[in-house]
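Novice: This is the structure I have questions about; it appears just below.
Every number here is computed from the coordinates shown, using simple stated rules; none is lab data. Not measured: the values here are computed from a predicted model. Glycine gets a Cβ as well: all are built from the backbone with ideal geometry, and neighbour counts include every protein chain shown.
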Amino acid sequence: MKTINLLNYAKDGWYQAPDGLAEVQSAITGEVIATTGSQGLDFKAMMDHARNVGGPALRKMTFHERAWMLKDLANAIMARKDELYELNYQTGATRTDGWIDIEGGAGTLFSFSSKGRRELPNQRILIDGNMEMLSKGGTFVGQHVWTSLQGVAVHINAFNFPVWGMLEKLGPTLLAGVPAIVKPASATGYLAEAAFRIMIEAGALPPGALQLIMGSTGDLFDHLTLQDVVSFTGSAQTAMKLQTHPVIARESVRFIAERDSLNASILGPDAGPGTPEFDLFIKEVAREMTVKAGQKCTAIRRAMAPAEHIDAVQEALTARLAKVKIGDPREEGVTMGALASRDQLQAVRDAVAELRKSARIVAGNPDEPPVAGGGAFITPILLRSDDPWGSPAVHDVEPFGPVSTIMPYKDMDDAIALANRGMGSLALSLFTFDSKVAEEFVLGSGAYHGRMMILDRTSAKESTGHGSPLPVLVHGGPGRAGGGEEMGGVRGVTHYMQRTALQGAPELLSKIVKQWLPGAEKPAGDVHPFRQRISELEVGYTLKTASRTVTLEDVEHFAHFTGDTFYAHMDEEAAKASPIFEGRVAHGYLILSFAAGLFVEPAPGPVFANTGLENLRFLTPLYPGDSMRVELTVKSKSIRDEEKGEVRWAVYIFNQRDEIVATYDLLTMNRP
Ligand code: NDP
């Protein structure tokens, strides 16, 4: 393979370092396949470019526009994925490993794109929670909002997932409207650079949105400010070094860290040999050891089983691991490739040597290369510690390769304490068919783990597995795992935004957040709101309906028509005896139906359909003889595409004394 000269991407142009290049070897042959370096880059100028060019351009776009941009990037990666798979093999990864990295990475962008269009407004500001009433008269209120940070996201990534590791951070960052400078790990940087190049060549990004450093970050940290975020994935040692940089402390720079993690998997006390959960546990531990040759931050490092089952676990795992076929990942039938580099091979051997001081190897041999040549191959290694409390290394040393230690536990308390002895992890899995065991574990151990997967026979088939971080769920963990949090759907986007509590008049705040807030003006007009397209509708525009009286006949008719003859509507004495009603009341659903009858404009037009109700509350009972009227207000609106969009209406139903009978958000699908 021809040696690739990896390039940096700074200020919207490619840059090759003239000097100080490091050589990068193929994980499968040991040959030099790339040179990399960042010497000569002006890091301050890169930060300035992101801040002054990329940030403003991204912040001009709405969440939806940024979400479409993510989709374009993901499509570009998918269209050229074969180029990436070629390089993927050089990292030692199999096709399946590459699928997690490459298509998993694109999938993460797709997921953020879709979340962005479905769950975020087509605006540049994001509302957080409900309006808070701060005054008796309602003229002074509070509303939390998120706005985009005005700095740069610096992403320092690990070697194990060069594509996914980059994209899982870029998805939320770009959706938040923040430019990024990416620094991939050197060992597999050639794959990250190729994926980065595809995104640049897609032409979907505004200038300054993305830059790439293929080597040392130089003096970049000296130029960080309060508006920047550093998101780091890698070793605890490097994280600590970077996190204690004086500028990080002085400027309160946000620092997200994903570090080592001694993830645990526990066989429940109910899940002995012969149960489906036992088989699932064995399968999962073996899979986690061998996928990506165990180089996963979420991989199972500590497998715990009831003392009486530990021999059976050892036997079953050893048998399963014996079937693993190690070799060049391009070869047919190979199920585990190589580690990412010879350095990593040495690091794993060193870690196993540490572990052997208090645990014994029961399968595999770290010193016997399973494949001849200069590649970074190693067999899966299973260790056993019969005295886990007397073996600190098994809880403290992370062998970043196909290595796990099995250990017995005495009872549930012991299992929970051992799981927590990892001092904070990214992912834990528990194999049990007993909900009591699961509950005890979650309460006893939840605070120590970022994610917990509880697997049994009913969920196993569709399970995404112990080790898969998902874009819609948070990825990160406390303590040793770094204390960071990434992804988790919209939560991940807010890691790159600032939450601010706005205070002021509802009318004023409404104009800022582009959403009608209770107490803001409700302008009316001659045109029924159902006759206006989304582009014509004004936020706050209100229809005040006529009123109608609800009679006992209406209640009776509705009860018999629908079958809802609940006592409160039909039995005067029983209704009176309740702590809530003074007598028979109108059905809530009848009130909602009459409300629609009052505000609907029936002819076909800009409103296509009612798509749902949210936040429905019945606040005051409506008695036969009472009357009701409706105020229908345009709360917010969002155009999805050329054919349709969504309008959210604030609906208030009042009685003849102007008390609120019911309130809810009505959602309709409308013509743009
Ligand atoms: P490192 O911490 O050495 O590297 C992680 C990233 O930080 C790389 O991009 C690296 O760049 C960069 N880096 C290193 N030093 C500096 C510095 N002074 N300033 C700026 N950036 C720096 O970890 P490795 O990738 O070598 O992996 C080592 C161990 O980390 C593994 O064995 C494993 O224990 C753990 N790890 C944890 C992961 C997780 O997700 N929790 C994932 C991967 C690894 P460069 O490569 O150029 O040195």
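Novice: Using Cβ counts within 10 Å as a stand-in for footprinting exposure, how do VAL229, VAL555, VAL403 rank, fewest first?
Specialist: The fewest-first ordering by Cβ neighbours comes to VAL555, VAL229, VAL403.
Novice: Considering only C-alpha atoms, what is the centroid distance from region 308-382 to region 24-83, in Å?
Specialist: Between the Cα centre of region 308-382 and that of region 24-83, the gap is 34 Å.
Novice: Between THR494 and ASP350, what is the spin-label point distance in nm, taking each point 7 Å from the Cα along the Cα→C-beta axis?
Specialist: Here the modelled spin labels are 4.1 nm apart.
Novice: Same structure, new question: Less than 14 Å Cβ to Cβ from ARG671, Lys/Arg counted +1 and Asp/Glu -1: what total charge do the surrounding residues give?
Specialist: After counting each charged neighbour, the total is -1.
Novice: Between the helical axis of 588-599 and the dominant principal axis of the chain, each derived from Cα atoms, what acute angle in degrees is found, rounded to the nearest 10?
Specialist: Tilt relative to the chain: about 70 degrees.
Novice: Enumerate the amide H contacts of LEU473 below 5 Å, restricted to partners 5 or more residues apart or on another chain; note that Pro and chain-start residues carry no placed amide H.
Specialist: For LEU473, whose amide H was placed from the backbone, the distant partners under 5 Å are GLY488, GLY489.
Novice: Quick one: grab the alpha carbon gyration tensor of region 309-461, order the square roots of its eigenvalues as a ≥ b ≥ c, and give me rounded if a/c is under 1.5, else prolate or oblate depending on whether a/b is larger than b/c.
Specialist: Taking the square roots of the gyration eigenvalues as a ≥ b ≥ c, region 309-461 is prolate.
Novice: Further question on the same structure: Classify region 282-366 from the C-alpha gyration tensor, please: rounded if a/c falls under 1.5, else prolate or oblate depending on whether a/b exceeds b/c.
Specialist: Because a/c hits 1.5 or more and a/b fails to exceed b/c, region 282-366 counts as oblate.
Novice: Moving on. Any idea how far the Cα center of region 451-481 sits from the one of region 109-150, in Å?
Specialist: What the calculation gives is 29 Å, centre to centre.
Novice: Rounded, prolate or oblate: which fits region 561-609, taking a ≥ b ≥ c as square roots of the Cα gyration tensor eigenvalues, rounded meaning a/c under 1.5, else prolate when a/b beats b/c?
Specialist: Note, shape of region 561-609 comes out prolate.
Novice: Working from Cα positions, state the angle (0 to 90°, nearest 10) between the long axis of helix 552-562 and the longest principal axis of the chain.
Specialist: Compared with the principal axis, the helix lies near 40 degrees.
Novice: Can you tell me what the convex hull of the Cα atoms of the chain projects to on average, as an area in nm²?
Specialist: Mean shadow area of the hull around the Cα atoms is 35.1 nm².
Novice: Tell me, what HN-Hα J-couplings in whole Hz come from the Karplus equation 6.51 cos²θ - 1.76 cosθ + 1.60 at θ = phi - 60° for each residue of region 280-295, using x for Gly and Pro?
Specialist: Listing the rounded values in order: 5, 4, 4, 4, 5, 4, 5, 5, 5, 6, 9, 4, 6, 6, x, 8 Hz.
Novice: Of MET407, PHE281, ALA195, whose Cα points farthest to the positive end of the dipole of the chain (charges on the beta-carbon: +1 Lys, Arg; -1 Asp, Glu; origin at the Cα centre)?
Specialist: Checked the options; the winner is ALA195.
Novice: Let me ask something additional. Around LEU598, what is the net charge, scoring Lys/Arg as +1 and Asp/Glu as -1 over all other residues with Cβ under 13 Å from its Cβ?
Specialist: Once all neighbours under 13 Å are counted, the net charge is +1.
Novice: Antiparallel DSSP bridges in region 327-479: what percent, to the nearest 5?
Specialist: In region 327-479, DSSP labels about 25 percent of beta bridges as antiparallel.
Novice: Cα centroids of region 232-269 and region 559-634: how far apart, whole angstrom?
Specialist: Between the Cα centres of region 232-269 and region 559-634 lies a distance of 54 Å.
Novice: Under 37 °C and 0.692 mPa s, how fast does region 430-528 diffuse according to Stokes-Einstein, given a Kirkwood radius computed over C-alpha pairs? Answer in µm²/s, whole number.
Specialist: Taking Rh from Cα pairs, D becomes 184 µm²/s.
Novice: What list do you get for THR225, THR565 if you sort them by fewest beta carbons within 10 Å?
Specialist: Fewest to most other Cβ atoms nearby, the residues stand as THR565, THR225.
Novice: Sorted by packing (mean other beta-carbon atoms within 10 Å per residue), highest first, where do 278-284, 251-257 land?
Specialist: 278-284, 251-257
Novice: May I pose another question? If you add up the charges near ALA363, with Lys and Arg at +1 and Asp and Glu at -1, over every other residue whose beta carbon is less than 13 angstrom from its beta carbon, what do you get?
Specialist: +2
Novice: Another question about this same structure. For the chain, what proportion of DSSP beta bridges, expressed in % and rounded to the nearest 5, is antiparallel?
Specialist: Rounded to the nearest five, the antiparallel share is 60 percent.
Novice: Listing VAL313, VAL24, VAL472 from the residue with the fewest other Cβ atoms within 10 Å to the one with the most, what is the order?
Specialist: VAL472, VAL24, VAL313
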